[in-house]
Amino acid sequence: MQENFKENLKTLRKENNFSQKDLAEKLNTTVKTISHWETGYSEPSISQIVELCEVFAVNPDELLLKS
């Protein structure tokens, strides 16, 4: 999941004009967490993936699979 997810997350965040702080606030998490996801240092839980899909109005395939 890592390579595709981290690139897709960063792309979706930027396309929606969200800073890491904006996204962290929407997900009730920290900027450090968002940064870790985007660098591949860590991965979100299933519930956080669901939340990300809701925030970006995408399906899980769009978030997790190669774009």
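Where a number appears in this text, it was derived from the coordinates with a stated rule and is not lab data. All values reported here derive from a predicted model rather than from experimental measurement. Backbone-built Cβ (ideal geometry, glycine too); neighbour counts: all protein chains shown.
Per-residue ellipticity at 222 nm computed for the chain from its helices equals -20000 deg cm²/dmol, with DSSP H segments shorter than 4 residues left out and the rest contributing -39,500 (n - 2.57). At most 15 other Cβ atoms within 10 Å and a DSSP loop assignment: could you name the chymotrypsin sites (Phe, Trp or Tyr not before Pro) in the chain that fit? In loop regions of the chain (DSSP not H, G, I, E or B), the sparsely surrounded chymotrypsin sites (Phe, Trp or Tyr not before Pro) are Tyr41.
Tell me the trypsin sites (Lys or Arg not before Pro) within the stretch 10-67 that lie in a loop according to DSSP and have at most 16 other beta-carbon atoms within 10 Å.
On the way: sites: Lys10, Arg13, Lys14, Lys21, Lys26, Lys32, Lys66; in loops: Lys66.
Listed in order of number, the matching sites are Lys66.
Note down the relative contact order for the chain as a percent, whole number, built from C-alpha pairs under 8 angstrom at least six residues apart.
Rounded, it is 46 percent for the chain.
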